[in-house]
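Read through the structure below, which is laid out as structure tokens, and then see the notes.
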Amino acid sequence: MHLIVGERLLEQSLTTLRLCGEGSRECMLFWLAACDGCEQVVEVAHLPHAATHGSCEIDGRALNGLWRRLATEDLRIVAQVHTHPGAAFHSRTDDQFPVLPRVGLLSLVVPNFALTEFDPSECFLGRLEADGSWTQLDPERAVSWPRN
């Protein structure tokens, strides 16, 4: 899948990550598409969560509400997006606990709590495989960014 992220939704995502994390905590949000296999991100979902400098845990009740909404509105989570305090990478926790254990789910990690100018080449992008492993992708090739 080649994901397409429009300028408005990218800016919304980065603003949310920055404001929520306040430069000291991780933040997570989800990119939604209108159907399985759809490439166009149509919405950003930001749920209540507990976060520290190095971790983020989504509120279970809020996540259940999102699952119900996705089912009724025929939307899908195509990517989980979160920040790290320094360099972008996929931690062991990131590997083991995707929001949705579905083959093809993308995971984007934005470095420096998203406080620096956004550069896709500095992000980590992974795709969940059938065996539960993550394949690292080139974010500049796997996603159409608004500035490309």
Identify all residues within segment 79-123 that are in contact with a Ser or Thr (Cβ under 9 Å, 6 or more places away or on another chain) and exposed (fewer than 13 other Cβ atoms within 10 Å of the Cβ); write none if there are none.
-> THR93
Among (1) open to solvent by less than 70 Å² (accessible area, probe 1.4 Å); (2) under 15 Å from LEU108 (Cβ atoms); (3) touching a residue at least 60 places away in the same chain (Cβ under 8 Å), MET1 falls short only on (1)
Collect the residues in segment 49-85 that are among the aliphatic types (A, V, I, L, M) and either part of a helix (DSSP H, G or I) or under 27 Å from GLY23 (Cβ atoms) (or both), keeping them in residue-number order.
-> ALA50, ALA51, ILE58, ALA62, LEU63, LEU66, LEU70, ALA71, ILE77, ALA79, VAL81
Collect the residues in segment 28-65 that are open to solvent by 60 Å² or more (accessible area, probe 1.4 Å), under 21 Å from PHE97 (Cβ atoms) and in contact with a strand residue (DSSP E or B) (Cβ under 7 Å, 6 or more places away or on another chain), keeping them in residue-number order.
-> HIS46, ALA50, GLU57, ASP59
All conditions in (1) within 21 Å of CYS35 (Cβ to Cβ); (2) of a type in the set (D, E, K, R); (3) open to solvent by less than 50 Å² (accessible area, probe 1.4 Å) are true of GLU129 except (1)
Mind checking whether some residue in segment 7-29 is of a type in the set (S, T, N, Q) and over 14 Å from THR83 (Cα atoms)?
-> yes
Being under 23 Å from ARG147 (Cα atoms) and surrounded by 14 or more Cβ atoms within 10 Å (Cβ to Cβ) narrows it down to one of ARG76, ARG18, ARG8, ARG25, so name that one.
-> ARG18
Residues (touching a residue at least 40 places away in the same chain (Cβ under 8 Å), under 15 Å from CYS56 (Cβ atoms) and assigned to a loop (DSSP other than H, G, I, E, B)) located in segment 90-146 = HIS90, VAL99
Could you tell me which numbered condition LEU100 fails, if it satisfies all but one of (1) in contact with a strand residue (DSSP E or B) (Cβ under 6 Å, 6 or more places away or on another chain); (2) modelled with pLDDT of 95 or more?
-> (2)
Could you check, for segment 66-73, whether at least one of its residues is polar (S, T, N, Q), in contact with a Leu (Cβ under 9 Å, 6 or more places away or on another chain) and open to solvent by 70 Å² or more (accessible area, probe 1.4 Å)?
-> no
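The values are calculated or read from the model by the stated rules, or taken from the named source; none is laboratory data. Keep in mind that what you see is a predicted model, and the values were worked out from it rather than measured. Ideal geometry is used to build each Cβ from the backbone, glycine not excepted, and the neighbour counts take in all protein chains shown. Heads up: the accessible areas ignore ligands, DNA and RNA and are worked out on the full protein's heavy atoms, side chains in. Shrake-Rupley method; radii C 1.70, N 1.55, O 1.52, S 1.80 Å.
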